[in-house]
Structures are given as C-alpha cells and as structure tokens.
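The values are calculated or read from the model by the stated rules, or taken from the named source; none is laboratory data. None of the values given here were measured: they were computed from a predicted structure. Here the Cβ is made from the backbone with ideal geometry for all residues, glycine too, and neighbour counts use every protein chain on show. Keep in mind that these areas ignore ligands, DNA and RNA; they rest on the heavy atoms of the full protein, side chains included. Shrake-Rupley method; radii C 1.70, N 1.55, O 1.52, S 1.80 Å.
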There are 2 protein chains.
Amino acid sequence: MSKPSLARGTRDFGPEQMVRRNFIFDTIRRSFQRYGFLPLETPAFENLSVLMGKYGEEGDQLLFKILNSGDFKSKTNEQDWLGPYKPLTQKISEKGLRYDLTVPFARYVVMNRGTLVMPFKRYQIQPVWRADRPQRGRYREFYQCDADVVGTDSLLCEAEIVGLLHAILPELGIQDFTVKINNRKVLTGIATMIGASGQEGPLCVAIDKLDKIGKEKVKEELLQKGFHQDSLTLLEPIFELAHSQNPFADLKSWLSSSEVAMQGIAELEEVWKLVNIAGIPNPKIQFDVTLARGLSYYTGAIFEVKANGVQIGSISGGGRYDNLTGTFGVPGISGVGISLGVDRIYDVMEELGLFPDSAQATTQLMLTNFDRQAFEYGVGLLAKLRNAGINTEIYPDSVKLKKQLDYADRKQIPYVVLIGSEEIQSGLLTLKHMQTGDQQKLDIAGIIAALAH
Amino acid sequence: MSKPSLARGTRDFGPEQMVRRNFIFDTIRRSFQRYGFLPLETPAFENLSVLMGKYGEEGDQLLFKILNSGDFKSKTNEQDWLGPYKPLTQKISEKGLRYDLTVPFARYVVMNRGTLVMPFKRYQIQPVWRADRPQRGRYREFYQCDADVVGTDSLLCEAEIVGLLHAILPELGIQDFTVKINNRKVLTGIATMIGASGQEGPLCVAIDKLDKIGKEKVKEELLQKGFHQDSLTLLEPIFELAHSQNPFADLKSWLSSSEVAMQGIAELEEVWKLVNIAGIPNPKIQFDVTLARGLSYYTGAIFEVKANGVQIGSISGGGRYDNLTGTFGVPGISGVGISLGVDRIYDVMEELGLFPDSAQATTQLMLTNFDRQAFEYGVGLLAKLRNAGINTEIYPDSVKLKKQLDYADRKQIPYVVLIGSEEIQSGLLTLKHMQTGDQQKLDIAGIIAALAH
C-alpha cells in the first residue's frame, strides 16, 4: 500500500485554480471565436511517424513514447536488446504523446485537405507533453492555446493576430504589454547583405540573445560560429536600429539592394497600416529586428508578447510559416498563427493581482441543514433556486450549524440560507452574507431576486 | 515522406463536431456547477504504482504505458530481456495514461485530505485512454464527465444525482430516458438468502445479463459457476420482481430475514422519498433488482441510464462506493458518483436529430472583400461588430465574390455583408441571409441590431 504521488513534472488543478484557469480559457476561446476561428481537437497520442523529425533531434528525445500494447517484445530479437536504446525504441513503441499543437494540426490539414474550406481558421486548446527536466515554471504537461489561419498569404491575418492579442489581454486585466514583431525576410536579407547568405539560422539564434547577453557577446558568438569579421562590420547598423525613430526608413536605406529584405519591410509596413485601419487604439506593437524566436520554420512575420512590469518570460509567440505541411508531402500551404501560454499568463495575473474575486468560487448559495424537517424543506427549495440560475447546494448531513457555516466559508460560498421551524412557518428565510455577516429575512422570491443576475 | 495517419482507435474532432461536443460539455458543466460541484483536473499520466491493480488484471493490460525517457535500457540486464514481457515492462516504464477519472480522483483526495473541505463535491471532464481493440463505438481515447461527492453517506447525494440527470438530459433534448436504480446491499442480502453468501459478485455478473440472455441462460451460467440447484430455486422470486406493482414491498417480505437487504431497501425508499420532495416532475426512475453493472466496488446505490427509443447502450452509470481511497491506505471515505458518456450521448442526439441548428457554426457574419477600397472599409468595421458580441470575419483575399460566398456557405456562416463603392458612399451596406437569400440595406448600427442578441 504505497503512498500515492504525482508523476514528476505534472500537477493537479484543484477547484480554486480550475476556476481561475477556466476564466483564462473562456476569455481566450471567446475572442478566438469572435475573430472567426473554429475549434479543433486532435488525439493525445499520434503515430511516432507523424511526430519524429519535426522538432529537431532534441525534440525527438523529449517526446513521451508509448510502449506497444501486449507483448511488445515479440517484434524484437536478442540483437536489438544488446544494441543501443534508440533503435530499440522504434521496435517497441509506435506512438507518442502530442508535443505541440502545430504538427497535429498540419497532419489534420493534410488528411482533410479535400474537404477543408480554405482559408481554414482553427483554434485548439489542449495540453501537450514534453519529457523535459522539470523546474520552476517548467512542467511536463501544460496547455497551449493556438489560433492559426492556413491557405492564405493575406497580411490581414497578421493584423488580426495583433487585434486578437489586444482583445484577449486587456480582458484578462493585462493592460501593459508589448507585441514585438519582426519579419524573417528582413533577417534573410541582412544575412545576404553581410555576405553570409543562407546563414540567417545561426544569425537569428545569436541576435535573438542581444537582450540577454549584449552586443559584444553576440559578436563573439557569431565569430565562433564562423562569421567573418567583415560580416560583423557590415552588421553594425543592426545594433543602432533599436534606438531609431524611424526604423523602417533606416532599414530601407540600409537594405535597399536586397529584394527579399525590401519585401519583408513592405510586409511589416502593411501590417502596421492594417492594424491602424482596424482602429486598435494605441496599438502596443513594436518592431524588433533582433526578434527571431530561435525557430527556423518562420518565413514571414514573427511575433512575441511580453507583459511589462513583471519578471516573467514571453506569454505568447507565433509567426508565419510557408511550409506547414511540407514534411507530409503537401507543399505550398502558407499559414500564420499565435500560441498563448496559459501557465505564464496565470503567473502574470497572479503577480499583478488580476483575478476577480468572483473567479474564486462557482457555488453561490448553501442551504443549511438544521434538522430533518428543515432538511426536507430545503430540499424542496433547491429546484426553484437552481432553475433561477443560482448555483446552490444544501449541506447533506445534520451536523452542528457551526460546522456547516465553516464548510461554506472554506468553500468561499458567498451566501447561506438559515432554515429553522420559525422560518418554515413564516416562509421568511434568513439570507446571510458570509463575508459581511449581514442577514435579511426574505421569502424565496426575494432570495432569488437578491442573488440572480 | 510518409502519408500521415491517425493512431488506431483515435479521432480528430473537426469544427462541426467540436461545436456539437462543446454544446454537450457546456450543458453538463453548467448543471454540475448548478448543483454545487467544483471543477478538478488531474494529469494525463500517473505513476503506474497509482494505476496498477485498480482495474483488475484485464485493466492492467489495457493501460497505456509510457516508456521511460532517455536510456530506458540502463536499468535492465540481459536476463530481463530473455524473460517474459510483463516483468520487463515494470523496469522500462514507470508511468501510464489515465484509465478513468475515479482512481486519479481517489489519489487527489488522499494527497489533499489535510486541506480538502469535506464533503467534497467535484466534477471532472477529461479524456481517458484504454488499449482496447477498437471497434464501432469503442475508441482508445474518449471523454468521461464525472461528478462525485465524497465524505458523506447522506442519501441526498443519490437523490441529487437523479436530479442532475433530470436537469442535464432534457436540456440536451433527451426527454425519454430511464434511470435504473438498484442497491448493492439488496444483492448481498439475496446472495445470503439463497445460501450463497459472499457470492454476490458472480451472482451480479450473471443476473446483469438477464435482459440480454434471458432467465434460463442466467440459471445455466449460475449452475456453471457452482451455485446449487437449491439456490436457484430460492432465487426464483427475483425473476418475478420485474413485473411487480410494488417491488419494495415484495422485496421486504421476501428478504425480511436479511438485515443488510432491509437496509438496502430502506436506502432505496429514502432516495425515492427525497426525489419526490425535490419536486422533480414525473421522475423517470425505475427500480431494477437485476442491475449490477458488473463492477464490484459499488457498496450502495447503483445507477444506469438508458435513452429510450434508440439502440444505443447506457449513456450514464454510477453508484456509491465505501472504499474509494482504501487502496491508498485511507479507509472509511464514502462516496457516490455518476459518469456521463459523451460519445454515447452524441450518438443518441444525432440519431434523434436533437442538435440545434445554432450548434453548427460559431461565426455569425462574414464581410466580403470586393476590392482594396472595400477591404479597408471592411477592416475598419470589424472592431465595432465584434465589440457588439458578433463573431465576425472578413474574407482575407481579393478573389471573386462567388468564391467568397461559397466559403461562407460551406462554413455555414448565416450572414454576409456585401460592400461596394456605392455602399461605402451611402454607409448603407447590404446584409444578406445566406440560407434565404434575403437582402436588406442597413447601416452598421442596423446590422448590429439585426444580429446581436
């Protein structure tokens, strides 16, 4: 009889956290739908052939793999057991847990491309699993909330993502945030410009760290990665852009010879223009030429969102990718999407005290259970209260009133109704507000009027 | 580049199914909360020490087991690989996917019993996974919706479950259903009565099949299981109960010498009484002495719900268990719960045509994109429409109007707004109802008034 425990890196969400998390999920879902995104859910596990090779070698290692059911050994031989574990894995495991929502979405698009209405706008709110080493703020199971549009290269989609963020975050109470935006094409142009064509991958990775390690360390890293000193000299203007009053104009004069860079800048300007036309008041967008998000699959816009005033990493990120389904043999489907991190958003809201009190409890009213007569009387009232939309319960056992009130208090139920023989005779019940202690005598219609909204 | 496929026994839920499923989930969740149940979520995977041995030997086999991360071979030797696969499993796998919501709930209660407010009423809506052979209507991933109360033996909880079902099912449109109720104590008393004390397990399993295989086959099975012919003679009254006008009275005279059976009958009568007091009009409850649900852990009430008029198995089941947390070393916590099967409910609703039209789409309005001028004009309207609570999108690309309308049609978006240069000048836009083809000229306030609710 072992003491039970949680699997490492996983969490239970008890009622109090659930109510708060559902507040976040509901807010996000409502905005996603307001913008015309439709819901999708995919299975928790996928064939490993779908998942492997999509997240780099490290990602392959971080996939949770499911042991084949039944006699998993039957397809192996002694040779396999004596060898290294990686090839053996493929013989005893065919399925793995979802690592993100993007690859399953790509699989869905490919499998349903004959019937899907394009452009396809979907949202997906589901947990993902990664066999990472657990640490503060990093879990092996966590939710992602993704919204993507595929099948169009309209830059309206980028502007709509900006709009979505400006709808969701203030509704959660997060007023002070910054949406950083960059464009991969600009980075590609810069790489060509400095004579390091095709090297924007490592260039991005290094430049991405500018905020954290500073200009000199970035240059050091680039030298180590094989960039020439000449390239670094040519790169110099990039470090000035952060302080520019008119970065797009500066970029255009610096990169005028690069067609792809000019295309990227034109895209950025169009996004800025559409955000403006959409009428977002004081849009919190900021061009950041150093933003790369380390990920190589973005081909156009790149987004990252930070809540200001708190020491918590980015709460959202995304971008445009032109080859979502290419790895499944279907090239040419362009898409753009955003992913919101619920755990980070939860932490931001907690740190800033943004959870409304009403997001603490879902039960509004408890009837006390004084004796059998009052109990039966109370049971007879439940349907009326609930039909009026009031979340109601009656204490199920006849125990001391103090214990019943203590229960309501600890469950943060805001109101209780006290029922005694006098109350039953008169039909006037005592409605007590738990926090203030205020009591009023009301009939059932009065109680409903007092609580319903 | 392989053609991607779904893992066997799993499903994607596309937008149309998702909207319908969310309608079911939302309805269930609302009623759970109306009755004072609080939300809980537990991780998708648990330590195998938590899961193994809880579902019988067959259940252990049906658990999806997760291969340990990294070099899972490092804790094994050649001997392990030469032996049978079951002991080897334990050396290379420490975690398994959730098989139901009850055992993780029990683990949660045990781990948090110091701080939990008892009685604890929780609901939990999450997927579970079973390595069953997939077949029609049976999947390897499916959702369970459970509501349980632990920490009280009040029979009000049983009556509240009946109330919950009478709140949820009609709200889904399922009006014609039957809640079958039995009590394990009655079955225990019968076993003793017929001289087969302690044999109510196999007795239940056989009697459970009465509906399917008939009286004679049930007797045959009991004989095969070692029941005496004398026992079967003594058992005879049970087959008459189905037609009894007053089954509780008949049971009481038959089982008067069994204290435990009389206790069970008293419990049933109290549940009937409380359902009556609760004011459920024409409660669709039916005592069924043959109901056993094959599960050995019920100790009091047993529930099963069937939708009438369709050939689909039970849509809900549950009961009282007195030893939920006993396997984790914490005895004496009584609980009672109900589980709703969303897949079965979905099938019932589809067969009976119960899904409302409005449960088909979430986007209400699409603006067309005639040319750049109309596009910019439309983008400027989006915020107003969305702020009024209307789920709106604008077609992102400038393509032929026919293609745009086709998109709205296939997405089942009920309304489109047509914007041309004339409309922009006058401010009167054409609102078109897609299904009827009706068109009206309205300003933006008029469109909002026509669509908002």
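In chain B, the portion of solvent-accessible area held by carbon and sulfur atoms comes to 48 percent [1.4 Å probe, whole percent, DNA, RNA and ligands not counted]. Mind jotting down the distance between the C-alpha centroids of region B:118-132 and region B:318-371, whole Å? If you average the Cα positions of each part, the centres end up 11 Å apart. Annotation: aspartates and glutamates with alpha-carbon distance below 14 angstrom to residue A:91 (same-chain offsets under eight excluded): A:71, A:78, A:80. Think of the axis that spins chain B onto A; the B residue whose C-beta lies nearest it, and the distance in whole Å, is B:81, 2.
Averaging sequence separations of C-alpha pairs under 8 Å and six or more residues apart, then dividing by the length of chain B, give the relative contact order as a whole percent. Relative contact order comes out at 15 percent. Within chain A, helices built from complete DSSP H runs that reach 18 Å or longer along their own axis (Cα positions) and carry a mean Kyte-Doolittle hydropathy of 1.0 or higher are A:156-171. Basic side chains Lys and Arg get +1 at the Cβ, acidic Asp and Glu get -1 at the Cβ, and with that the dipole of the protein assembly as shown about its Cα centre reaches some 920 debye. Nm distances between the label at residue A:195 and the same-position labels in the remaining copies, 7 Å along Cα→Cβ, shortest first? Nearest to farthest, the other copies are at 10.4 nm.
Could you compute the longest span of chain A free of trypsin sites (Lys or Arg not before Pro) located in DSSP loops and having at most 10 other Cβ atoms within 10 Å, not counting the site residues? Free of exposed loop sites, the longest segment is A:137-399.
Excluding ligands, DNA and RNA, the accessible surface per residue across chain B is 42 Å² with a 1.4 Å probe.
Label-point distances for residue A:449 to the equivalent site in the other copies, using a point 7 angstrom along Cα→C-beta, read 3.2 nm when ranked shortest first. The same position residue A:286 in the other copies lies at 6.7 nm from this copy, comparing label points 7 Å beyond Cα toward the beta-carbon, shortest first. Net charge near residue B:276, counting Lys/Arg +1 and Asp/Glu -1 over other residues with Cβ under 11 Å of its Cβ? Taking every other residue near residue B:276 into account, the sum is -2.
Rounded to the nearest 100 Å², what's the accessible area chains A and B bury against each other, both chains counted, probe 1.4 Å? Before the final figure, lay out each step's value.
Working: alone 23750 and 23730 Å², together 38310 Å².
Buried area between the two chains comes out at roughly 9200 Å².
Looking at region A:15-352, what % of its DSSP beta bridges pair antiparallel, to the nearest 5? Looking only at bridges with both residues in region A:15-352, the antiparallel portion is about 90 percent. Among the lysines, select those whose C-alpha is under 18 Å from the C-alpha of residue A:217, and discard any that sit fewer than 8 residues away in the same chain. Answer for residue A:217, where 18 Å is the Cα cut-off: A:209, A:225, listed by chain and number.
Considering helices alone, the calculated mean residue ellipticity of the protein assembly as shown at 222 nm is -12000 deg cm²/dmol, with DSSP H runs of length four and up weighted by -39500 (n - 2.57) and normalised per residue. With the charge dipole of region B:128-175 set up from +1 on Lys and Arg Cβ and -1 on Asp and Glu Cβ about the Cα centre, the Cα lying farthest toward the positive end among the listed residues B:129, B:149, B:175 is that of B:129. Our note on the geometry: Cα centres of region A:282-316 and region B:186-212, 66 Å apart. What's the tally of Lys pairs in region A:361-451 whose alpha-carbon atoms lie under 21 angstrom apart, where the two lysines are 8 or more places apart or on different chains? The result is 11. Positive end of the dipole of region B:15-352 (Cβ unit charges, origin at the Cα centre): among B:53, B:331, B:69, the Cα lying farthest that way belongs to B:69.
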